[in-house]
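Comments concern the structure below.
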Amino acid sequence: LTNTPAFDTTIHRRKTRPVQVGDITIGGGNPVVVQSMINEDTLDIDGSVAAIRRLHEIGCEIVRVTVPSMAHAKALAEIKQKLADTYQTVPLVADVHHNGMKIALEVAKHVDKVRINPGLYVFEKPKSDRTEYTETEFTEIGDKIRSTLEPLVISLRDQGKAMRIGVNHGSLSERMLFTYGDTPEGMVESALEFIKICASLDFYNIVLSLKASRVPVMLAAYRLMVQRMNELGMEYPLHLGVTEAGDGEYGRIKSTAGIGTLLAQGIGDTIRVSLTESPEKEIPVCYSILQALGLRKTMVEYVACPSCGRTLFNLEEVLHKVREATKHLTGLDIAVMGCIVNGPGEMADADYGYVGKQPGYISLYRGREEIKKVPEDRGVEELINLIKSDDRWVEPE
Ligand code: SF4
């Protein structure tokens with residue numbers, strides 16, 4: 001027998017430049033950042049402060065708010081101040097809508113990052129007037145975009161703040177649609193046009209997103225963006241998301257299929273799971289995706305068999321009990337297995353194992369070592385005692 005070298009199971013993340021958003025850094029080898037967006041009207045100062053705090057307390061590291069008017073932009077100053085006075089500073093992002101350059105300039109004073117959607121910078125004649133864009137028209141519109149965007153870029157650059165160029169498949173500008181079609185190419189070109197304007201003004205604190213509601217489109221857009229950035233020597237971090245993913249189980253699976261697939265390839269520096277549910281519901285999904293991929297460990301990892309005819313106890317019930325007793329411990333792997341038929345190797349190197357031994361009895365394992373056999377009704381209690389004896393127990397809050 002020869003000694004086979006261990007297969008590399010690490011996800012090698014794409015190298016990106018670090019972009020600072022308040023006290024959080026996106027990219028540059030930092031852990032993938034979790035973010036979401038509040039639903040409150042930004043004019044409701046107290047409601048917004050409470051919503052931002054609620055999200056932040058459960059692990060949302062950057063919070064986005066919508067800013068559709070100048071009054072909303074000014075409200076952000078108060079929100080920021082109230083957060084600092086009553087809670088703490090939270091990295092905030094403002095979503096600015098089209099034709100809103102004055103709004104963007106105002107809100108850039110109060111938040112850490114401004115998100116713009118290139119598709120909403122529209123300087124085109126109505127669709128019915130044309131069948132194509134000439135190169136001159138294309139360039140002329142590009143120049144108008146540049147002069148519109150310039151003050152915001154300069155303001156963010158001078159304040160050391162960030163911008164997200166957030167392209168959406170559903171809102172590409174007409175000019176891009178005519179030139180590239182409703183395609184990932186159009187999305188990537190749209191982002192590149194804005195990136196180039198920023199670079200010409202010496203501004204590089206940029207995060208990019210290329211979201212779509214259909215997973216294959218979103219995957220293709222992000223992959224093409226990476227390919228184009230590699231060709232152009234750019235290292236901007238990426239914000240991943242599947243837009244309008246919906247709700248419930250399918251919304252979560254759809255988001256995971258899109259976000260998880262890219263993360264597994266090493267692509268992605270910050271994520272948002274967009275559910276048609278309260279934003280608080282999005283945060284555990286983000287952390288579960290990151291934990292499942294081994295990118296961040298923020299909770300106990302449970303390894304459990306699916307159960308079968310050999311199962312010696314009610315696995316679903318016991319797993320639930322074990323989880324309830326231990327879910328506050330971070331950094332542990334705990335296995336719950338119906339029997340030991342396939343050997344402790346099945347427990348995938350868990351720190352502790354709870355394994356069916358014989359009717360009425362279970363065995364507790366530390367790693368692959370069997371520690372003791374105990375009556376099943378004392379199983380969870382004895383598991384806690386074992387964890388305590390290893391000094392790895394903390395009391396739940
Ligand atoms: Fe069945 Fe035992 Fe495998 Fe669980 S560990 S699925 S009980 S054989």
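No lab work stands behind these numbers, since they all come straight from the coordinates. Given the structure is predicted, the values throughout are model-derived calculations rather than measurements. Every residue, glycine as well, gets a Cβ built from its backbone with ideal geometry; the counts of neighbours run over all protein chains shown.
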Taking the alpha-carbon distance from LYS82 and a cut-off under 28 Å, which lysines remain once sequence neighbours fewer than 8 residues away in the same chain are dropped?
LYS74, LYS102, LYS109, LYS113, LYS161, LYS281
Positive end of the charge dipole of the chain (Lys, Arg +1 and Asp, Glu -1 on Cβ, about the Cα centre): tell me which of MET218, ASN205, LEU319 has its Cα farthest that way.
ASN205
For a quick check, take a GNM of the chain with Cα springs below 10 Å and name the residue from VAL93, VAL217, VAL336 with the largest mean-square fluctuation.
VAL336
Segments 369-376, 231-238, 31-38, 250-257 sorted - mean Cβ within 10 Å per residue, highest first:
31-38, 250-257, 231-238, 369-376
The chain, dipole about Cα centre (Lys/Arg Cβ +1, Asp/Glu Cβ -1), debye to the nearest 20
400 debye
Mind running the shape call on segment 307-349? Use the C-alpha gyration tensor, a ≥ b ≥ c as the square roots of the eigenvalues: rounded below 1.5 for a/c, prolate if a/b tops b/c, oblate otherwise.
oblate
Relative to the chain, whose Cα atoms define the longest principal axis, helix 215-232 and its Cα axis are tilted in degrees, nearest 10, by 70 degrees
With Cα coordinates, the longest principal axis of the chain makes an angle with the long axis of helix 70-86, in degrees rounded to 10, of 40 degrees
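With only Lys, Arg, Asp and Glu charged, each at its Cβ (+1 for the first two, -1 for the last two), find how big the charge dipole of segment 1-56 is about the Cα centre; round to the nearest 20 debye. Before the final figure, lay out each step's value.
On the way: 6 positive and 6 negative charges, 95 e Å.
Taking the Cα centre of segment 1-56 as origin, the dipole is about 460 debye.
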Want the number for ILE154 to TYR302: 0.36 nm per residue separation, take away the alpha-carbon distance, what's left?
48.4 nm
For helix 248-264, report the angle its Cα long axis makes with the longest principal axis of the Cα atoms of the chain; keep it between 0 and 90° and round to the nearest 10°.
80 degrees
Once you sort the root eigenvalues of the Cα gyration tensor of segment 301-389 as a ≥ b ≥ c, which label holds: rounded (a/c under 1.5), prolate (a/b larger than b/c) or oblate (the other case)?
rounded
Positive end of the charge dipole of the chain (Lys, Arg +1 and Asp, Glu -1 on Cβ, about the Cα centre): tell me which of ILE62, GLY28, ILE52 has its Cα farthest that way.
GLY28
Charge dipole (the chain, unit charges on Cβ, about Cα centre) - positive-most of TYR361, ALA77, LEU152:
LEU152
Answer rounded, prolate or oblate for segment 19-292, using the Cα gyration tensor with square roots of eigenvalues a ≥ b ≥ c: rounded when a/c is under 1.5, else prolate when a/b is larger than b/c, else oblate.
oblate
Under a plain spin-label model, where a point goes 7 Å from the Cα along Cα-to-Cβ, how far apart in nm are MET70 and GLU397?
4.3 nm
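Counting other beta carbons within 10 Å of each residue's own, what order do TYR354, TYR361 fall into, fewest first? Display every interim value, and only then the final one.
Numbers: TYR354 27, TYR361 15.
Placing the least packed residue first, the sequence is TYR361, TYR354.
Dipole magnitude of segment 301-389 about its Cα centre, charges +1 at Lys/Arg Cβ and -1 at Asp/Glu Cβ only, in debye to the nearest 20?
180 debye
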Show that you can apply the helix-only estimate: for the chain, add -39,500 (n - 2.57) for every DSSP H stretch of four or more residues, divide by all residues, and state [θ] at 222 nm to the nearest 500.
-12500 deg cm²/dmol
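I need the peptides 69-82, 7-20, 147-160 ranked by packing, meaning the mean over residues of other C-beta atoms within 10 angstrom, with the highest value on top.
Working: 69-82: 18.2, 7-20: 13.4, 147-160: 16.1.
Top of the packing list down: 69-82, 147-160, 7-20.
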